[in-house]
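Trainee: Sharing a structure below in structure tokens format, with a few things to ask.
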């Protein structure tokens, strides 16, 4: 039952990736701590100004057409700060990745900022990042890691990237029925599709690699529903090189979210976790807190009255396409940045708390990253940052 180390781009890593979680849940402290134990830590790029009082003071009350440029600038500065913080904590160990959602209005800006600020890797999901090779052309040392959910998506992306002269350095295979936050399926009805199961998708992708002459060139990272050493051993047996966990890291002591946020996720029972359509038009999974309970009751009525708004509620335009702002009746009808901001600060009444569907390694306990990695890797880890 031994885990295999992950030899990634000349680095020997623990086969553990900490997933990117916004708004502000996985920032420099969490990502840097994870990296300090020779794993891959991930900073979520979206609206990181919320972790910086000076930047929030500068931008929180801005309104009007001029607000967006100033908020975007503050978020670029915040991302650069968080990458520096993560590197200081990592002390040269592990890798620091930045997660950027393809669905973001400032997707390109965040990608460029992460590259210029010294990220080791870029992880991109919530859409097919077919343009990522061009955006990162001047930074060949930065690993490019798309997040996909089925073999068809992998084949499409790899073939498109091959024509651009670049292969993914790794691919995250995220299971929509098990993961948290925005999910890699077209609609809620698709979440149960058998094609997403690891024992289906991993062999299919590996078979495609063999047929395409790419065997052994693109490691796969399985994500969703992983809670134990045995889970990771099983996934490595199916051909995954590493495993990605989100919620388990969100409830660690070093998570950048509030203690109340961690308690909500850790205390949630299976019956408390629900799926719905996000304002980004994607299926999503979260804890049924008071805000979400009320929203789900009113969702159908709000969708019937959906209409295009004159401007974004927050004057921010965080998403390129937004159900609330753009009046997309089949999509969510709420301001995602606002409710995720409430969750980050621990406002249980007003916040949206994304969470994976599976159990957590330590149940309701809030434990350090060190304990989590030791549990997952099954060894007596020496603290590299003691």
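Trainee: Which helices (runs of 4 or more DSSP H) does the stretch 253-336 wholly contain that include 1 or more residues that are in the same structural domain as residue 44 (by TED's automatic domain parsing)? If you could, list the steps in order and put the result at the bottom.
Mentor: Working: elements: 259-267, 290-304, 323-326.
Hits in the stretch 253-336: 259-267.
Trainee: Let me ask something else about it. Here is a list of conditions, (1) touching a strand residue (DSSP E or B) at 6+ places or on another chain (Cβ under 7 Å); (2) farther than 23 Å from residue 191 by Cβ; (3) in a loop (DSSP other than H, G, I, E, B), and residue 376 meets all of them except one; can you say which number that is?
Mentor: (3)
Trainee: Return the pair list, or none, for Cβ contacts closer than 7 Å from residues in the stretch 129-158 that are outside the structural domain of residue 17 (by TED's automatic domain parsing) and modelled with pLDDT under 95 to residues that are in a helix (DSSP H, G or I) and surrounded by fewer than 20 Cβ atoms within 10 Å (Cβ to Cβ), at least 6 apart or on different chains.
Mentor: Once the first residue is outside the structural domain of residue 17 (by TED's automatic domain parsing) and modelled with pLDDT under 95 and sits in the stretch 129-158, no partner that is in a helix (DSSP H, G or I) and surrounded by fewer than 20 Cβ atoms within 10 Å (Cβ to Cβ) comes close enough.
Trainee: Restricting attention to the stretch 226-249, does a residue exist that is more than 30 Å from residue 379 (Cβ to Cβ) and in a loop (DSSP other than H, G, I, E, B)?
Mentor: Step one: filter the stretch 226-249 for residues more than 30 Å from residue 379 (Cβ to Cβ), giving none.
No; the residues of the stretch 226-249 include none that is more than 30 Å from residue 379 (Cβ to Cβ) and in a loop (DSSP other than H, G, I, E, B).
Trainee: So which residues in the stretch 345-358 are touching a helix residue (DSSP H, G or I) at 6+ places or on another chain (Cβ under 7 Å) and within 14 Å of residue 21 (Cβ to Cβ)? I'd like the intermediate steps shown before the answer.
Mentor: From the stretch 345-358, those touching a helix residue (DSSP H, G or I) at 6+ places or on another chain (Cβ under 7 Å) are 346, 348-353, 355-356; that's our starting set.
Across the stretch 345-358, the qualifying residues are 351, 352, 353, 355, 356.
Trainee: Restricting the search to the stretch 321-344, which residues are surrounded by fewer than 16 Cβ atoms within 10 Å (Cβ to Cβ) and touching a helix residue (DSSP H, G or I) at 6+ places or on another chain (Cβ under 9 Å)? It would help to see each step written out before you state the result.
Mentor: First pass over the stretch 321-344, keeping only residues surrounded by fewer than 16 Cβ atoms within 10 Å (Cβ to Cβ): 321, 327, 329-330.
Within the stretch 321-344, 329, 330 meet the criteria.
Trainee: Quick check on residue 365: is it part of a loop (DSSP other than H, G, I, E, B), surrounded by fewer than 21 Cβ atoms within 10 Å (Cβ to Cβ) and out of contact with any strand residue (DSSP E or B) (no Cβ under 6 Å at 6 or more places or on another chain)? Write out each step before concluding.
Mentor: Working: part of a loop (DSSP other than H, G, I, E, B): yes; surrounded by fewer than 21 Cβ atoms within 10 Å (Cβ to Cβ): yes; out of contact with any strand residue (DSSP E or B) (no Cβ under 6 Å at 6 or more places or on another chain): yes.
Yes.
Trainee: Of all residues in the stretch 296-312 being surrounded by fewer than 14 Cβ atoms within 10 Å (Cβ to Cβ) and in contact with a helix residue (DSSP H, G or I) (Cβ under 8 Å, 6 or more places away or on another chain), which is nearest to residue 339 (Cα to Cα)?
Mentor: Within the stretch 296-312, the subset surrounded by fewer than 14 Cβ atoms within 10 Å (Cβ to Cβ) is 296-298, 300-301, 304-305, 307-310.
Filter once more, keeping what is in contact with a helix residue (DSSP H, G or I) (Cβ under 8 Å, 6 or more places away or on another chain): 308-309.
Details: 308: 20, 309: 19 Å.
This residue is 309.
Trainee: Something else: Is it the case that some residue within the stretch 41-51 is over 20 Å from residue 19 (Cα atoms) and assigned by TED's automatic domain parsing to the domain that holds residue 11?
Mentor: Step one: list which residues in the stretch 41-51 are over 20 Å from residue 19 (Cα atoms), which gives none.
The answer is no; no qualifying residue exists.
Trainee: Follow-up question, since we're still on this one. Within the stretch 42-71, restricting attention to residues that are part of a helix (DSSP H, G or I) and under 20 Å from the mean Cα position of the chain (by Cα), which residue is surrounded by the most Cβ atoms within 10 Å (Cβ to Cβ)?
Mentor: Result: 48.
Trainee: Residue check: is residue 189 outside any loop (DSSP other than H, G, I, E, B), modelled with pLDDT under 95 and assigned by TED's automatic domain parsing to the domain that holds residue 136?
Mentor: Working: outside any loop (DSSP other than H, G, I, E, B): yes; modelled with pLDDT under 95: yes; assigned by TED's automatic domain parsing to the domain that holds residue 136: yes.
Yes; evaluated as a whole, the condition is true for this residue.
Trainee: Is it the case that the stretch 25-41 has a residue that's surrounded by fewer than 22 Cβ atoms within 10 Å (Cβ to Cβ) and free of Cβ contacts under 8 Å to residues at least 60 places away in the same chain?
Mentor: So far as the stretch 25-41 goes, no, none of its residues is surrounded by fewer than 22 Cβ atoms within 10 Å (Cβ to Cβ) and free of Cβ contacts under 8 Å to residues at least 60 places away in the same chain.
The values are calculated or read from the model by the stated rules, or taken from the named source; none is laboratory data. What you are looking at is a predicted structure, and each value in this text was computed from that prediction instead of being measured. With ideal geometry, Cβ positions are generated from the backbone for all residues, glycine too; neighbour counts draw on all protein chains shown.
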